Amino acid sequence: MKKLLFYIIALLSVATVFSGCKKDEEATELPPPVISVKEPKTYSCGEKSYSVRYSIENPRKGVKLEAATGTKWITSLGVSEDAITFTLMENSSDKERSGSIELSYQGAEPVSLKIKQYEYSETPVISAPQLIDIGCYGGAKSILYQIKNPDDNGELKANSDVDWISAILIEEEKISFTVGENLSDSERTGRIILSYNGAESVKVTVKQKKYTALEIQVKTQSFDVPFIGGNRSTEYRIINPKEGVKLYATTKAECDWITNVDIDDQKISFIVEENESGQDRSDKITLNYNDGAATLEITVNQTTTDGIISSLDEDGTANCYIVSKAGYYQFKAVKGNSEETVGTISTAEVLWESFCTDVAPNKGDLISEVYAGNGKVVFKTGDPSKSGNAVIAVKDASGNILWSWHIWMPEVLPNDQLYKNGAGTMMPINLGATNEKKQDSRSYGLLYQWGRKDPFLAPSTRYDVSPPKKAASTITWPAPMECNENTGTIEYTIANPTTFICSTEANNYDWLYNTGSEIRTKRWSRSKSIYDPCPPGYRVASGGQYGVWAKALGFNEGRDEYYNISGGRNFGYLMGYYTYYYCWYPVTGIYTEKGDLIDQIVEDGTENPPKKIELIHVWSCDFNSSENEAYDFLSHSECYSGSSSNLFPVNSSYVVYGEPVRCQKIE
């Protein structure tokens with residue numbers, strides 16, 4: 001029996017322990033305490049005691065609120081169960097002042113209670129607006145007021161001196177009233193007189209506008225939309241608006257090509273569908289305000305195309321499209337080599353045009369019209385078509401460039417060339433070149449910073465003119481920008497496609513500021529990236545030990561018979577053709593790390609007298625991680641002679657440089 005009693009007592013003890021643990025666990029799960037106190041109003045300037053009520057949410061047993069202040073004119077600080085008491089010394093200055101009381105409670109976030117005291121005044125002061133303007137329709141209105149240094153027994157009173165201001169109601173810090181409609185043809189003025197014990201009265205002037213009929217006004221009342229359609233909008237305003245009344249817009253039931261009409265506080269927006277009807281068309285958007293008290297019609301006219309629109313992206317999207325004859329062309333407004341949208345497009349425009357000579361075209365010589373709408377960019381070439389290069393950009397409503405595309409317009413695009421040893425199929429000219437003539441600036445093509453999709457102009461002068469002169473265009477190009485955390489980003493280069501980004505050794509001569517980012521080595525690649533500048537079906541040529549030039553030339557650096565005239569080199573026989581076959585690589589010049597355009601004629605100091613050497617650089621898509629550079633193809637040979645030439649098919653250069661690109665067919 002004793003053993004049984006012992007076991008029972010033991011079990012009860014264990015149960016009690018576990019029960020206590022459970023209560024402790026429940027206690028730890030309680031939400032933390034919270035100090036709740038209302039910010040007090042501004043106090044009178046005189047010396048006086050006050051109290052502010054508070055509460056503690058989720059209080060803890062035995063814990064009390066504590067209050068402290070570092071403000072000298074806040075004295076006699078005390079805390080009761082539900083109020084904080086204090087005395088404010090007289091403010092004898094002519095400026096309002098502020099202090100604070102710091103509240104703390106164990107386990108709760110501390111609270112700083114702001115205390116404000118009015119500037120000195122011998123009598124109470126009424127503070128209220130001196131003038132308010134009211135529309136002709138009147139209605140329920142209100143104003144805010146304050147009584148500075150109020151009297152304990154003071155009472156604010158308000159009345160009007162005109163009968164069209166009525167229903168005056170005084171609330172805490174607000175006075176409400178009703179203004180009648182003014183149907184006269186002249187403005188009228190009334191007053192609300194505010195009075196308070198011992199204070200100077202205040203007159204609030206109410207000025208009401210003369211009667212004017214409701215009117216809808218729009219910034220653009222007629223839209224001429226090209227066949228491609230797109231988003232359109234106009235700002236609007238309501239003359240003498242009525243409170244609570246909204247503007248509505250409708251189109252005819254049979255009008256199915258003006259869609260998504262939307263109205264916000266400032267703008268009316270809508271979408272015009274592409275016109276595939278073969279005829280010009282016109283319709284209206286009707287605006288209605290206050291049940292027809294005011295109406296307005298917006299006219300939308302849309303043309304049809306006067307020719308066939310050729311799609312440039314049937315073989316895939318890209319950052320560059322080739323055009324060789326006059327006409328209308330279109331492509332998807334997506335990031336090159338992808339289906340990713342560029343964002344909400346507001347406008348499209350031609351950024352620049354160039355013949356790649358020293359003669360600047362007139363705007364519209366190469367691209368005469370450009371539109372964006374319904375997810376596409378449509379443009380029309382000059383007629384007759386001329387050879388050259390241009391860049392089209394789309395922008396958002398704020399004018400920021402979302403994306404841009406290179407339009408390449410060669411005289412004739414010759415057949416591709418298959419390099420020997422299965423190296424690959426290459427374009428016969430540099431990207432952006434408009435012919436393949438020797439010693440012709442139009443054969444140079446365009447120059448690119450490694451990893452960027454947007455081109456820069458090559459020289460318009462002969463290869464041996466120093467310093468070279470940049471080809472003329474329709475714009476003044478911006479000054480180069482130094483690479484930093486703001487300019488040295490992919491996003492900046494997309495938004496600023498005509499700005500060259502400079503760099504120094506401190507940033508590994510890279511225009512990308514964050515050289516540790518994953519994208520650094522993949523801006524261009526053999527798997528065509530969205531920043532690749534080549535047209536559909538092509539990419540930047542492969543480089544390095546297993547690149548197209550190394551394979552075609554036998555993988556090694558070396559010297560070969562010089563077979564060309566000055567200004568470039570004919571590699572026809574080296575790339576797998578008979579000696580007369582043309583495979584021309586011109587001396588183009590490059591952009592340096594400072595953004596300077598220089599020629600590629602250098603002096604060989606190992607010879608006496610020094611010999612002038614022509615350099616040919618061409619980017620590849622491959623990054624040389626061991627050197628923090630990108631692979632390119634390099635050839636150099638002596639000017640004006642028939643001597644041998646050095647070839648470096650596995651060369652590499654700083655990615656900040658601007659060099660030409662020769663595109664390789666994707667196979």
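The values are calculated or read from the model by the stated rules, or taken from the named source; none is laboratory data. Treat the numbers as computed from the prediction; the structure is a model and nothing was measured. For neighbour counting, all protein chains shown are included, and Cβ atoms are generated from backbone atoms with ideal geometry for every residue, glycine included. Just the protein is used for accessible areas: all its heavy atoms, side chains included, with ligands, DNA and RNA removed. Shrake-Rupley method; radii C 1.70, N 1.55, O 1.52, S 1.80 Å.
Observations
- For region 240-255, the set of residues classified as exposed (fewer than 14 other Cβ atoms within 10 Å of the Cβ) and touching a Ser or Thr at 6+ places or on another chain (Cβ under 8 Å) consists of THR250 only.
- Among the residues making up region 274-299, a single one is among the charged types (D, E, K, R), open to solvent by less than 70 Å² (accessible area, probe 1.4 Å) and either in contact (Cβ under 8 Å) with a residue 60 or more places away in the chain or over 19 Å from PHE227 (Cβ atoms) (or both): GLU274.
- Under the condition of being polar (S, T, N, Q), in a loop (DSSP other than H, G, I, E, B) and either open to solvent by less than 20 Å² (accessible area, probe 1.4 Å) or farther than 27 Å from SER625 by Cβ (or both), the residues counted in region 467-509 number 8.
- Filter result (modelled with pLDDT of 90 or more and over 19 Å from ALA397 (Cβ atoms)) within region 230-244: ILE238
- Tallying residues that are of a type in the set (S, T, N, Q) and assigned to a strand (DSSP E or B) within region 107-129 yields 3.
- Hits in region 452-466 (condition: in a loop (DSSP other than H, G, I, E, B) and surrounded by 21 or more Cβ atoms within 10 Å (Cβ to Cβ)): ARG452, LYS453, ASP454, PRO455, LEU457, ALA458, SER460, TYR463
- All positions within region 546-588 that are at pLDDT 90 or above and assigned to a loop (DSSP other than H, G, I, E, B): TYR546, GLY547, THR588
- Condition met for SER142 (under 51 Å from the mean Cα position of the chain (by Cα), assigned to a strand (DSSP E or B), surrounded by 14 or more Cβ atoms within 10 Å (Cβ to Cβ) and hydroxyl-bearing (Ser, Thr, Tyr)): no
- Residue within region 398-410 that is aromatic (Phe, Trp, Tyr), within 21 Å of THR498 (Cβ to Cβ), assigned to a strand (DSSP E or B) and more than 23 Å from the chain's Cα centre (by Cα) present: yes
- Filtered residues of region 145-159 (kept if open to solvent by 50 Å² or more (accessible area, probe 1.4 Å), not polar (S, T, N, Q) and not in a strand (DSSP E or B)): PRO150, ASP151, ASP152, GLU155
- Which numbered condition LYS95 misses (of (1) modelled with pLDDT under 95; (2) surrounded by 13 or more Cβ atoms within 10 Å (Cβ to Cβ); (3) under 50 Å from the mean Cα position of the chain (by Cα)): (2)
- Scanning region 510-537 for residues that are modelled with pLDDT of 95 or more, open to solvent by 60 Å² or more (accessible area, probe 1.4 Å) and among the polar types (S, T, N, Q) returns a single hit, SER527.
- Check on GLU353, open to solvent by 20 Å² or more (accessible area, probe 1.4 Å) and acidic (Asp, Glu): no
- A search for C-beta distances below 6 Å between a residue of region 217-237 that is within 16 Å of ASN288 (Cα to Cα) and any residue that is among the hydrophobic types (A, V, I, L, M, F, W, C), counting only pairs 6+ apart in sequence or on different chains, returns GLN221/ILE298; THR234/VAL218; THR234/ILE268; TYR236/VAL218; TYR236/ILE268.
- ILE101 meets the conditions (1) aliphatic (A, V, I, L, M); (2) surrounded by 13 or more Cβ atoms within 10 Å (Cβ to Cβ); (3) at pLDDT below 95 in every case but one. The failed one is (3).
- Selection count, region 414-451, where residues are more than 29 Å from CYS502 (Cα to Cα), of a type in the set (A, V, I, L, M, F, W, C) and in a loop (DSSP other than H, G, I, E, B): 2
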